[in-house]
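Q: Following this message is one structure expressed as structure tokens.
The values are calculated or read from the model by the stated rules, or taken from the named source; none is laboratory data. All of these numbers come straight from a predicted model, not from anything done at the bench. Every residue, glycine among them, receives a Cβ derived from its backbone with ideal geometry; neighbour counts consider all protein chains shown.
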Amino acid sequence: MRRLSARALARPLVLAAAATAIPLGSAAPASADSVVVGGFPVEVADSPWTVALSSRDRFGGTRAGQFCGGVAVGRTTVLTAAHCLGEEVLGSPPDQVEDLKVIAGRTDLLSDEGQEVRVSAVWVNPAHDDADNSGDFAVLTLSEALPAGSVVGMAAEGDPAYTPDTQALVYGWGDASGAGDYANGLRAARVRVLPDASCERAYPGSDEGRYLASSMLCAGEDAGGRDACQGDSGGPLVAQGRLIGLVSWGSGCGRPGSPGVYTRVSSLLQTLGWDAPTAATKGQREGV
Ligand code: ARG
């Protein structure tokens with residue numbers, strides 16, 4: 001299923017078929033698939049760190065080649081999901097995608113506002129595990145700096161933004177209906193950080209993945225309806241003004257009892273050795 005949904009970024013019909021084929025553990029309303037995401041349109045100026053990953057060569061030019069989300073954490077540093085750069089999505093290793101770009105400052109993918117910046121280096125977490133979805137993050141280096149002010153601070157271990165019940169926003173240009181309706185405009189959905197115990201109960205381990213509290217977090221609403229979906233992967237989950245998650249995986253989109261699962265930013269900070277802030281960056285982070 002995970003493989004199908006990754007491919008479905010380029011082939012929405014496959015996704016629709018695969019999504020309806022997921023056996024639901026609990027009785028979900030038959031309409032669950034028609035109420036996914038539950039977001040609202042936003043302007044990229046209000047979340048300028050939300051970027052789109054693009055390759056017109058691999059995904060066609062109609063939506064500027066958008067295939068995943070990303071988030072600027074430095075003026076030349078973008079975080080995204082490791083699975084966005086996998087061969088199943090790109091059809092080749094990322095270094096063979098010659099027109100891999102980050103699109104910043106563009107709310108509507110059909111417009112030419114903002115900028116397209118070439119990716120000069122790709123680092124995919126070597127510990128990313130396709131079987132349980134753990135370690136789902138990658139770091140892109142940009143060939144040109146994004147404007148000052150288009151960077152979001154990251155929430156380190158112990159940050160109150162991770163506390164269960166905290167309100168968070170997830171951003172993306174992904175599927176807005178669960179049926180392959182890829183948005184042209186940036187959208188956001190309001191979700192709540194859920195306690196690890198609920199996430200573990202929702203995802204004890206199947207071929208879709210397994211919830212691992214040390215490196216993942218999950219967010220949603222008990223009633224479902226608001227969630228990230230295909231095409232949002234790699235994009236930001238922000239709470240209290242700080243980045244806490246990257247869109248990673250989930251069973252369907254917006255289903256009650258199947259929250260969205262995110263790469264836990266505090267854990268990737270540890271893996272990257274970025275969690276020992278100097279006094280200066282710590283001050284910045286607290287000021288966000
Ligand atoms: N794997 C999807 C992607 O590649 C993201 C899925 C997120 N799903 C969810 N229900 N939150 O875009």
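Q: Go through (1) within 19 Å of the chain's Cα centre (by Cα); (2) surrounded by fewer than 22 Cβ atoms within 10 Å (Cβ to Cβ) for G149 and report which single condition fails.
A: Among (1) within 19 Å of the chain's Cα centre (by Cα); (2) surrounded by fewer than 22 Cβ atoms within 10 Å (Cβ to Cβ), G149 violates only (1).
Q: Given A121, A155, which one is surrounded by fewer than 21 Cβ atoms within 10 Å (Cβ to Cβ), aliphatic (A, V, I, L, M) and out of contact with any Pro (no Cβ under 7 Å at 6 or more places or on another chain)?
A: On the way: A155 fails: surrounded by fewer than 21 Cβ atoms within 10 Å (Cβ to Cβ).
Answer to the selection: A121.
Q: Could you tell me whether any residue of the stretch 247-268 is within 15 Å of the ligand (Cβ to nearest atom), more than 20 Å from T77 (Cα to Cα), touching a Phe, Trp or Tyr at 6+ places or on another chain (Cβ under 6 Å) and at pLDDT 95 or above?
A: Of the stretch 247-268, the ones within 15 Å of the ligand (Cβ to nearest atom) are 247-264.
Restricting the remaining residues to those that are more than 20 Å from T77 (Cα to Cα) gives 249-261.
With the extra rule that they be touching a Phe, Trp or Tyr at 6+ places or on another chain (Cβ under 6 Å), the set shrinks to 261.
With at pLDDT 95 or above added as a condition, the list becomes 261.
Among the residues of the stretch 247-268, at least one is within 15 Å of the ligand (Cβ to nearest atom), more than 20 Å from T77 (Cα to Cα), touching a Phe, Trp or Tyr at 6+ places or on another chain (Cβ under 6 Å) and at pLDDT 95 or above, which makes the answer yes.
Q: Another question, if that's okay. Within the stretch 216-237, which residues are away from the ligand (no atom under 11 Å from the Cβ) and surrounded by fewer than 24 Cβ atoms within 10 Å (Cβ to Cβ)? Step through it out loud before you land on a result.
A: At the first step, the residues of the stretch 216-237 found to be away from the ligand (no atom under 11 Å from the Cβ) are 216-217, 221-223, 225, 236.
Listed by number, the residues that qualify are E221, D222, A223, G225.
Q: Ok, one more. Kindly indicate which of R201, R190, R242, R210 is charged (D, E, K, R) and either modelled with pLDDT under 95 or within 14 Å of the ligand (Cβ to nearest atom) (or both). I'd like the intermediate steps shown before the answer.
A: Working: R201 fails: either modelled with pLDDT under 95 or within 14 Å of the ligand (Cβ to nearest atom) (or both); R242 fails: either modelled with pLDDT under 95 or within 14 Å of the ligand (Cβ to nearest atom) (or both); R210 fails: either modelled with pLDDT under 95 or within 14 Å of the ligand (Cβ to nearest atom) (or both).
Exactly one of R201, R190, R242, R210 is charged (D, E, K, R) and either modelled with pLDDT under 95 or within 14 Å of the ligand (Cβ to nearest atom) (or both), namely R190.
Q: Is it the case that D165 is free of Cβ contacts under 8 Å to residues at least 12 places away in the same chain and of a type in the set (D, E)? I'd like the intermediate steps shown before the answer.
A: Working: free of Cβ contacts under 8 Å to residues at least 12 places away in the same chain: no; of a type in the set (D, E): yes.
Against the criterion (free of Cβ contacts under 8 Å to residues at least 12 places away in the same chain and of a type in the set (D, E)), D165 does not qualify.
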